[in-house]
Structures are given as structure tokens and as C-alpha cells.
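The values are calculated or read from the model by the stated rules, or taken from the named source; none is laboratory data. Worth saying up front: this structure is predicted, and the values here are computed from it rather than measured. Backbone-built Cβ (ideal geometry, glycine too); neighbour counts: all protein chains shown. Quick note on the areas: whole protein, heavy atoms, side chains included, nothing else; ligands and nucleic acids left out. Shrake-Rupley method; radii C 1.70, N 1.55, O 1.52, S 1.80 Å.
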Amino acid sequence: MLNPIKLREDFPILKRLVNGYPLIYFDNAATTQKPVQVIQAIREFYEKHNANVHRAVHTLSQEATELYEGAHEEVAKFINAESIEEIIFLRGTTEAINLVAYSWGLRNLNQGDEVLLTLMEHHSNIVPWEILSKIRGFKIKYVDVNEDGLLNYESLEENISRRTKLICLTHVSNVTGVINDVKRVVKLAHDYNALVLLDAAQSVPHMPTDVKALDVDFMAFSGHKMLGPTGIGVLYGKRQHLEELEPFHGGGEMIRQVSYNPQTGRCMITWNRLPWKFEAGTPNIAGAIGLATAIKYLKRLGMENVKVHEEELTGYALKRMAECQKVTIYGPKDPRQRCGIISFNVANVDSHDLALFLDSYGIAIRSGFHCAQPLHQRLGLPSTARASFYIYNTKEEIDRFIDVLKEVEQL
Ligand code: 7TS
């Protein structure tokens, strides 16, 4: 069991007042707050070990390299990857998806091929594929969602064929909190020899993740949504795929050798080994150390406990929000079908006005389309307000939130 009251002491920002009220932070799907352990680890790196990695023989560089490689180890163990060769550090989920698009898609997708996306994807898992499809001429098909926001598995089965080369799927919707049956999708994809790219931005921070059990080919997630700093994220890829891929970004660090040939007047280049082949240039070393520290923090809590805590909060919030006459909640009614994300509206109140009103009481929620406009379109929704929870949120905070919602209803 988590003790949110106790662990809140680790989060300095939660002591803040916002507009004269104690901060209630319900915008965790956008980014999470950072515990002192993460802040200190970053600070300690710069105070004691700062140097570039994989380059110099001096002590600081050795220390920085050890910490940086150790961070890959921490991530590999956290998601049950085979080794650090399968763990590539990038800026975040967005960059990780772009890597798959440009390293894999640019070379493997041709006219006549098809890529399946779903209507519940975040723009990060739509836009790179739409851009690439214009370059390569392959077709994109969108798998439908049902009225309650659940993935329509019949639509998936109707759309998949021998032409399908890749399915791009979010594990958890950042709008409805719907949890997709990844194993079912992967099984179907592999039956058709298609690969699966899982957008795990909203799942890895909130539940235990085992890439071997999921059997996904690629998986992307962001450190900042799981207590880590911004600017660091992960692409997991099955080793056999990563071995075959050409790099996305070229530069220092990702090469073994660049040799100039005077005969041809060109350089011959060989790639570094995995995972460094995909990490061009000086990486975000402090960010990686911050992420590893965040993972240690989450592991200490236990990811199963994190999940249960959020389920409890979500169930409680759904129940209390149902008391509000003018509140409409989107997504499935059954809390077991969703994560700690609740999108909603109050009748006749614009979502941004609602967010501003809540902010005047120190309550932070998100409003708008949450970078998932196709889903809003499909469900016929105007912009929505969204509350999303994490380990440090409490039922008392939800009560306070409900009080303000009821006040809005009176306006
Ligand atoms: N995929 C999903 C499912 C997301 O929720 C997000 C960010 C991303 C990808 C992109 O992650 P990034 O770290 O590369 O930016 N989602 C949100 C959100 O819901 N509100 O702000 C960011």
C-alpha cells in the first residue's frame, strides 16, 4: 500500500501555495512532479561527476560513463528487457516514435504497404506516420474506437491484412485512460507478420511493464511522466530489429570509425554497437541519471502498489463526480477498464474557463484536446477538461476538487 501523505514530503513543489491555496496537482498525464531524490541526483552529477561520456580516459569521464550506462541498466531491468542493447535514450516518446519512423519506416515501408494506427493515438503517434506516408507512398488505416472510447477490436481485425507492416498503438489513452489489450493486438499483428510499436507514455509510469510478456517490437516512453526530468525518454526495441536498422541521427558517439578514402574522396563509416548506434551526439547524461533515480523511487514503492493506488483514486473520483449534476464523464464507466485519467465537461462551461476557475483554487488540470484531436472528433466531443492522478494524490484532494466543481455548477 502506498502512503501518499508520507511520500508527499519528498515533493517540494507540493508544499507550494497557488493563488493562496495548497497546490492540488491533477495534470500528471502531461508531466509529473519530481521528488528530492531525483533533484538531488541531478545536482550531485553536476557537482561531483560532470564530464562527457564514452570519450576520455580521465576519472570524471569514467564516472559519468558508468552512471550513464548504469541508467540504461536500470531501465532495462524495470521493463524486463534482455539487455541495455535494447534501451536507447532519446528526448522522449515523440523522438522515440520518430526514430522508428525514420530508421525503420523510411527503409521498410513502400507503396502497397499499410500501417495501422488507432483513432485514440496521441498526435505524436500520428504525425510522424502521416509525414512518412507522403514520402514513401504507403497507406495508413485508422482502427476505430467505440462510443465509450474502448478500442474496437473488430475494426482492427477488419483492417489488418498481409499488406499490414506495422501497427502503432497506445497502451493507455491520454484522454479516456482506456487500457488496450496489447497482447491481443500483438498476437494478431505477428500472425500477419506485422510489427507493433507501443506508445507506453501513459502506461510505463503507472503499472508494471514486461516487454517480454507483451512481446512488442518497439516501445516508447518518457521520463518526465514518471518522476524523472524532461528531455529524457526511452525507445525499447527487440535486439534483432535494432541490429538490422540504420541510425536515425548521425554524428559523434554513434560511429565506430569514419575513415577518409583519398581515392574516392569520401568517408567510409561503420556504426557503433548497440545501443550507442542510435544515440548521436552528447546525450542528456544528467537526465538519464535523474530517470534512473526516478525508477529506483518507483521500484521502492512497487509498481503494483502504484497501480492499485491510482485505481482507488480513480474509482473514488468517478463515484464522487457522478454526484455532480452537470458533469459529463467520457470513457468507460467501469474503473477497471481505465487508468487514472478522467476527461469530463461541465454543462455550458468551456473547458479552459473551467481549468482557470479550478486554478484560482490552486487546482491544476488540463483543458483542450490533449493532442488527440481525432479521438475528440470521433467521439463528437468539444474540448474537454482532464484530471489525471499519480502517487502523491489523495482522496482529500479529490474531495476539494469536487467542492469546486459543485461551485462551478452553481454559476
Ligand atoms: N504519447 C502519449 C500517449 C502521450 O500522452 C504523450 C504526451 C506523448 C505520446 C508525447 O510524449 P512526449 O514526452 O514526447 O511529449 N501527452 C501529454 C498530455 O496528455 N498532455 O501533455 C502531454
*Could you please put 324, 267 in sequence from largest to smallest accessible area, using a 1.4 Å probe?*
267, 324
*asked:* How tilted is helix 285-301 with respect to the longest principal axis of the chain? Cα atoms for both, answer in degrees (0 to 90, nearest 10).
replied: 50
*Please pull out the direction-averaged projected area of segment 88-223, using the convex hull of its alpha-carbon atoms, in nm² to one decimal place.*
7.7
_Need the list of lysines near residue 326 for cross-linking: C-alpha distance under 20 angstrom, and skip anything on the same chain fewer than eight residues off._
406
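What size of dipole, in debye to the nearest 20, comes out for segment 107-236 about its Cα centre when the only charges are +1 on Lys and Arg C-beta atoms and -1 on Asp and Glu C-beta atoms? It would help to have the intermediate numbers written out before the result.
Working: 13 positive and 16 negative charges, 115 e Å.
It works out to roughly 560 debye.
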_Looking at the chain as a GNM with Cα springs under 10 Å, which of 194, 96, 220 has the largest mean-square fluctuation?_
194
*Take every Cα pair under 8 Å in the chain that's 6+ residues apart, average their separations, divide by the length, and report that relative contact order as a whole percent.*
23
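For segment 127-167, which GluC sites (Glu not before Pro) pass both filters: DSSP loop (anything but H, G, I, E, B) and at most 15 other C-beta atoms within 10 Å?
On the way: sites: 130, 147, 154, 157, 158; in loops: 147.
Here the GluC sites (Glu not before Pro) that fit, given the DSSP loop and packing criteria, are 147.
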*Hey, which of these cross-link pairs are over 23 Å Cα-Cα: 296/395; 307/333; 134/187; 141/307; 34/277; 319/395?*
296/395; 134/187; 141/307; 34/277
*Leaving out ligands, DNA and RNA but keeping every protein chain, what accessible area does residue 259 have, in Å² rounded to the nearest 10, with a 1.4 Å probe?*
50
*asked:* Using Cα springs under 10 Å in a Gaussian network model of the chain, which residue among 338, 378, 256 shows the largest mean-square fluctuation?
replied: 256
*Specify whether the C-alpha gyration tensor of the chain places it in the rounded, prolate or oblate class, a ≥ b ≥ c being the square roots of the eigenvalues: rounded for a/c under 1.5, otherwise prolate if a/b is larger than b/c and oblate if not.*
oblate
*Build a GNM of the chain with springs between Cα atoms under 10 Å: which of 175, 258, 216 gets the top mean-square fluctuation?*
258
*asked:* Output the 0 to 90 degree angle, nearest 10, between the alpha-carbon long axis of helix 395-410 and the longest principal axis computed from the alpha carbons of the chain.
replied: 60
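Only sites in a loop by DSSP and with at most 14 other Cβ atoms within 10 Å count here; which trypsin sites (Lys or Arg not before Pro) in segment 257-321 make the cut? Provide the component values of the computation, followed by the final result.
On the way: sites: 266, 273, 277, 296, 299, 300, 307, 319, 320; in loops: 273.
Hits after loop and neighbour filter: 273.
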*What number, in percent, do you get for the relative contact order of segment 111-162 if the mean sequence gap of Cα pairs under 8 Å and at least 6 apart is divided by its residue count?*
41
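Which order do 148, 199 take when ranked by solvent-accessible area (1.4 Å probe, heavy atoms of all protein chains), largest first? Let's see the in-between values first.
Numbers: 148 60, 199 5 Å².
Solvent-accessible surface, decreasing: 148, 199.
Can you compute the charge dipole magnitude of segment 39-299 about its Cα centre, using +1 on each Lys and Arg Cβ and -1 on each Asp and Glu Cβ, nothing else charged? Give it in debye, rounded to the nearest 20.
Numbers: 26 positive and 32 negative charges, 128 e Å.
It comes to approximately 620 debye.
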*Find, among the GluC sites (Glu not before Pro) in segment 302-411, those assigned to loop by DSSP (not H, G, I, E, B) with at most 10 other beta-carbon atoms within 10 angstrom.*
323
